[in-house]
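See below for the structure under consideration.
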Amino acid sequence: MADFPKRWNDGLAPHFAEEERALLPRTLAEGGNSLAERLKEDHARLRELAARIIAGGAEALTEFGTLLSNHVHFEERELFPFYERLVDERQDPTPTGQ
């Protein structure tokens with residue numbers, strides 16, 4: 001837990017900020033409103049938990065770990081496939097892909 005603040009400040013916090021800067025506007029523009037909302041909600045909750053942990057609230061570590069794991073799965077199973085479909089559509093705009 002002693003290295004959590006450094007890992008948060010040097011790794012996850014900037015990563016979340018970059019995702020929000022780069023992905024949120026595009027996700028909304030492409031009709032992924034529920035995906036964008038989930039991304040924002042997860043990031044907000046993870047920030048709250050990180051602040052508690054940094055303030056000495058070790059009890060928040062389990063919830064943080066669970067939410068972070070769920071968030072990664074969300075990105076892998078929903079958000080990234082959303083972007084893959086967009087790329088595929090841009091590469092082959094025909095409705096049947098033929």
Spans of helices (runs of 4 or more DSSP H) in region 1-93 with at least 2 residues without any contact (Cβ under 8 Å) to a residue 40 or more places away in the chain and among the basic types (Lys, Arg)
4-7, 33-54, 80-91
Quick one: which residue in ALA51, ALA22, ALA55 is out of contact with any helix residue (DSSP H, G or I) (no Cβ under 7 Å at 6 or more places or on another chain) and surrounded by 11 or more Cβ atoms within 10 Å (Cβ to Cβ)?
ALA51
Inside region 1-21, can you point out the residues that are of a type in the set (Gly, Ala, Ser) and at pLDDT 95 or above?
GLY11, ALA13, ALA17
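Could you list all residues from region 59-87 that are in contact with a Lys or Arg (Cβ under 7 Å, 6 or more places away or on another chain) and of a type in the set (Gly, Ala, Ser)?
ALA60
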In region 57-98, residue nearest to the chain's Cα centre (by Cα) [restricted to those that are under 19 Å from ASN9 (Cβ atoms) and at pLDDT 95 or above]
HIS71
For region 27-44, give me the residue count where each residue is surrounded by fewer than 13 Cβ atoms within 10 Å (Cβ to Cβ) and more than 17 Å from VAL72 (Cβ to Cβ).
4
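The values are calculated or read from the model by the stated rules, or taken from the named source; none is laboratory data. On a predicted model such as this, the values are computed, not experimentally measured, just so you know. Ideal geometry is used to build each Cβ from the backbone, glycine not excepted, and the neighbour counts take in all protein chains shown.
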